[in-house]
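Student: Structure in structure tokens, see below.
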Amino acid sequence: MQARRAKIDEISVLLATVPPGEVPVAVAFLSGELRQRQIGVGYAALGDLLRSADPPAEPSLTLAGTDAAFEAIGAVTGQGAQSERRRLLGALLGRATDSERSFLIRLLAGDLGQGALAGIMTEAIARAAGVPADLVRRAHQLGGSLPEVAQAALGGPGGPDADRALAALRSFTLRVGRPLRPMLAAAAANMGAALQRISPAAVEWKIDGIRIQVHKNDGEVTVFTRTLDDITARVPEIADAVLGIGAAAAVLDGEAVALFPDGRPRPFQVTSGRAASHDGGGQQRADLPLTPFFFDLLHLDGTDLIDTPGSERHALLTRILPAGLVIPRIVTADPATAGEFFSNAVARGHEGVVVKSLDGGYAAGRRGSEWIKVKPRHTLDLVVLAAEWGHGRRRGRLSNLHLGARDPATGGLVMLGKTFKGLTDEMLAWQTTRLLELADPPEAPGEPGDSQRRIVRVRPELVAEIAFDGVQASSRYPGGVALRFARVLRYRPDKTAAEADTIDSVRAVWGQGLAAGDRAGQGGSAGDQGVTGESGS
């Protein structure tokens with residue numbers, strides 16, 4: 001916590017000195033992001049550009065100028081676009097000092113590694129502006145973009161001013177057509193544990209689909225993903241389903257899933273592939289239509305509802321939507337009734353259930369205690385930190401994965417061990433290609449030779465859903481815990497590393513004693529059993 005406070009102090013002092021017009025750029029860069037998200041230059045090209053010329057001795061780049069250069073690079077299209085983007089980026093790097101080049105390359109590669117994630121940056125903005133952090137956090141939840149919120153708090157003429165910042169931050173409200181970050185659920189080992197924390201509670205199916213947020217404003221409907229991307233053109237059937245609901249203006253939260261004819265969900269990869277397809281209005285829509293199921297209502301006809309109790313939001317939801325668009329749900333305090341509902345959801349092919357408070361508001365962008373997910377197996381979303389070249393039938397493939405959880409205190413990642421279990425041949429082929437794209441430093445494909453490393457470190461961007469039997473103490477790994485008998489269920493391209501589970505979640509599972517003997521009798525190097533190594537692969 002001391003390191004976290006020190007980081008917040010340093011960032012807040014820096015932000016207070018940034019020229020007002022450059023505040024959004026500074027916040028984006030410090031957070032390891034481009035305001036343009038992508039500029040169309042691949043990671044492999046960066047190494048060549050670095051070697052293009054000797055760096056100048058004196059700095060000349062500005063935040064605004066660098067951001068404008070990225071904007072110009074990303075805007076290049078047409079024939080020869082890749083070559084022109086590389087030329088423009090090379091010109092920018094040619095004006096950068098050695099330290100500036102290092103920063104820009106890591107920024108472009110998504111490997112800045114400063115730990116200035118949203119939580120720390122929110123606190124730093126608040127401290128620099130002299131306003132409560134909760135106000136900055138709420139504006140971020142409703143506004144979506146932290147650079148935009150920072151501009152409101154710090155970007156006025158003359159620099160930071162607390163009264164002006166308070167007024168600007170309070171102007172952020174839920175706006176129909178502008179997505180807000182979705183509320184997330186904590187996890188519990190079983191229904192009994194969930195109901196000990198929330199009772200009575202609403203219990204809803206947890207569908208294995210893609211999270212959607214749908215905004216309706218009169219005759220216009222917009223569909224956003226959990227990462228706030230607009231996919232309306234790809235999923236016209238969802239827009240059509242919402243167009244005729246009983247409200248002129250509404251913001252709905254839910255899931256979309258591809259179903260078999262009998263109503264069971266198709267595999268997640270089918271749903272995510274359909275949502276990613278740009279053939280939404282053609283054959284894909286006919287062959288694999290997506291069905292929306294909504295479970296929350298955040299705005300209705302001019303009234304924001306995020307602070308309204310969950311039971312009231314759901315009552316309004318059922319009033320404006322046909323029953324077929326509302327996710328199945330019961331309200332109960334009885335563990336047996338909840339358990340039966342859970343078993344029925346799983347029997348129908350769904351992931352499990354979400355247990356929800358009847359009184360809680362909608363904590364946009366946060367993993368609050370008012371929603372608790374329960375699955376029939378223990379799973380975590382973890383970040384791939386590295387991979388090892390396989391041998392035997394996996395020779396030439398990246399196989400054994402090194403897995404890590406987020407550490408919210410430092411902004412870094414904590415390794416929990418390794419696994420090669422659960423990987424099909426198709427997954428091995430895909431992950432080898434993807435991990436080589438993320439390799440840092442770059443790695444050539446093929447079998448490891450004299451110039452290749454057995455362990456390939458990668459930029460921490462790829463998230464995998466990992467099933468495991470329990471958590472146990474481990475002296476091998478820095479977090480002090482390891483997963484027992486971990487196996488890969490699937491990759492989660494819909495999630496960023498910032499949305500992966502935390503080391504606190506892992507320790508909570510350990511503390512609950514989900515597997516017999518997790519905390520006793522395992523010996524000092526329990527990590528040997530915790531996650532499987534490469535032997536036998």
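The values are calculated or read from the model by the stated rules, or taken from the named source; none is laboratory data. Just so you know, these numbers come straight off a predicted model, no measurement behind them. Virtual Cβ from ideal backbone geometry, glycine too; neighbours counted across all protein chains shown. The protein model used for the area step is the full one, side chains on, heavy atoms only, and it has no ligands, DNA or RNA in it. Shrake-Rupley method; radii C 1.70, N 1.55, O 1.52, S 1.80 Å.
Student: Out of the residues in the range 75-84 that are of a type outside the set (S, T, N, Q) and assigned to a helix (DSSP H, G or I), state the one that is modelled with the lowest pLDDT.
Tutor: So in the range 75-84, the residues of a type outside the set (S, T, N, Q) come out as 75-76, 78, 80-81, 84.
With assigned to a helix (DSSP H, G or I) added as a condition, the list becomes 81, 84.
Working: 81: 86, 84: 89.
Among them, the one singled out is 81.
Student: Out of all the residues in the range 240-249, is one or more out of contact with any strand residue (DSSP E or B) (no Cβ under 7 Å at 6 or more places or on another chain) and under 24 Å from residue 377 (Cβ atoms)?
Tutor: No, the conditions are met nowhere in the range 240-249.
One line per residue, one yes/no per condition, for (1) more than 30 Å from residue 260 (Cβ to Cβ); (2) among the charged types (D, E, K, R); (3) within 21 Å of the chain's Cα centre (by Cα):
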{"position": "344", "(1), (2), (3)": "no, no, no"}
{"position": "352", "(1), (2), (3)": "no, no, yes"}
{"position": "358", "(1), (2), (3)": "yes, no, no"}
{"position": "364", "(1), (2), (3)": "yes, no, yes"}
{"position": "382", "(1), (2), (3)": "no, no, yes"}
{"position": "400", "(1), (2), (3)": "yes, no, no"}
{"position": "405", "(1), (2), (3)": "yes, no, yes"}
{"position": "424", "(1), (2), (3)": "no, no, no"}
{"position": "435", "(1), (2), (3)": "yes, no, yes"}
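Student: Which of the residues that make up the range 85-125 are basic (Lys, Arg) and at pLDDT below 85? Working first, answer last.
Tutor: Here is the first cut: in the range 85-125, the residues basic (Lys, Arg) are 85-87, 95, 101, 106.
Scanning the range 85-125 gives a single hit, 106.
Student: If you take the residues of the range 76-103 that are open to solvent by 60 Å² or more (accessible area, probe 1.4 Å) and small (Gly, Ala, Ser), which of them is nearest to the chain's Cα centre (by Cα)? It would help to see each step written out before you state the result.
Tutor: So in the range 76-103, the residues open to solvent by 60 Å² or more (accessible area, probe 1.4 Å) come out as 77, 79, 82-84, 86-87, 95, 98-99.
Adding the requirement that they be small (Gly, Ala, Ser) leaves 83, 99.
Numbers: 83: 32, 99: 30 Å.
In this case the residue turns out to be 99.
Student: Residue 226 is checked against (1) touching a Ser or Thr at 6+ places or on another chain (Cβ under 9 Å); (2) under 20 Å from residue 266 (Cβ atoms); (3) at pLDDT below 95 and fails just one. What number does that condition carry?
Tutor: Only one criterion in (1) touching a Ser or Thr at 6+ places or on another chain (Cβ under 9 Å); (2) under 20 Å from residue 266 (Cβ atoms); (3) at pLDDT below 95 is unmet by residue 226, namely (1).
Student: Can I ask one more? Going residue by residue through the range 415-422, is there one that turns out to be in contact with a Pro (Cβ under 8 Å, 6 or more places away or on another chain), buried (at least 23 other Cβ atoms within 10 Å of the Cβ) and under 23 Å from residue 474 (Cα atoms)?
Tutor: Kept after step one, since they are in contact with a Pro (Cβ under 8 Å, 6 or more places away or on another chain), are these residues of the range 415-422: 415.
Then keep just the ones that are buried (at least 23 other Cβ atoms within 10 Å of the Cβ); that gives none.
Taking every residue of the range 415-422 in turn, none turns out to be in contact with a Pro (Cβ under 8 Å, 6 or more places away or on another chain), buried (at least 23 other Cβ atoms within 10 Å of the Cβ) and under 23 Å from residue 474 (Cα atoms).
Student: Here are some conditions: (1) buried (at least 19 other Cβ atoms within 10 Å of the Cβ); (2) modelled with pLDDT under 85. Residue 168 meets all but one. Which one does it not meet?
Tutor: Of (1) buried (at least 19 other Cβ atoms within 10 Å of the Cβ); (2) modelled with pLDDT under 85, only one is false for residue 168: (2).
Student: If you don't mind, there's one more thing I want to ask. Only one residue in 410, 379 is surrounded by fewer than 23 Cβ atoms within 10 Å (Cβ to Cβ), over 20 Å from residue 509 (Cα atoms) and either of a type in the set (Ser, Thr, Tyr) or modelled with pLDDT of 90 or more (or both). Which one?
Tutor: Details: 379 fails: over 20 Å from residue 509 (Cα atoms).
After applying the criteria, what remains is 410.
Student: Moving on to the next point. Can you name the residue in the range 341-375 that is β-branched (Val, Ile, Thr) and crowded, with 20+ Cβ neighbours inside 10 Å and, of all such residues, is farthest from residue 253 (Cα to Cα)? Write out each step before concluding.
Tutor: From the range 341-375, those β-branched (Val, Ile, Thr) are 346, 353-355, 372, 374; that's our starting set.
Of the ones still in play, those that are also crowded, with 20+ Cβ neighbours inside 10 Å are 353-355, 372, 374.
Values: 353: 16, 354: 14, 355: 16, 372: 16, 374: 19 Å.
Within the range 341-375, the match that is farthest from residue 253 (Cα to Cα) is 374.
Conditions tested, residue by residue: (1) closer than 13 Å to residue 404 by Cα; (2) open to solvent by less than 30 Å² (accessible area, probe 1.4 Å); (3) at pLDDT below 85.
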| site | (1), (2), (3) |
| --- | --- |
| 456 | no, yes, no |
| 472 | no, yes, yes |
| 489 | no, no, no |
| 495 | no, yes, no |
| 498 | yes, no, no |
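Student: Moving on to the next point. One residue is enough: does the range 372-385 have a residue meeting the conditions in contact with a Gly (Cβ under 8 Å, 6 or more places away or on another chain), within 27 Å of residue 462 (Cα to Cα), free of Cβ contacts under 8 Å to residues at least 40 places away in the same chain and not hydrophobic (A, V, I, L, M, F, W, C)?
Tutor: So far as the range 372-385 goes, yes, one or more of its residues are in contact with a Gly (Cβ under 8 Å, 6 or more places away or on another chain), within 27 Å of residue 462 (Cα to Cα), free of Cβ contacts under 8 Å to residues at least 40 places away in the same chain and not hydrophobic (A, V, I, L, M, F, W, C).
Student: Let me ask something else. Of all residues in the range 184-207 being open to solvent by 30 Å² or more (accessible area, probe 1.4 Å) and closer than 19 Å to residue 326 by Cα, which is farthest from the chain's Cα centre (by Cα)? Break it down stepwise before answering.
Tutor: Here is the first cut: in the range 184-207, the residues open to solvent by 30 Å² or more (accessible area, probe 1.4 Å) are 187, 190, 192, 196-197, 199-200, 205-206.
Now restrict to residues that are closer than 19 Å to residue 326 by Cα: 205-206.
Details: 205: 22, 206: 18 Å.
That would be 205.
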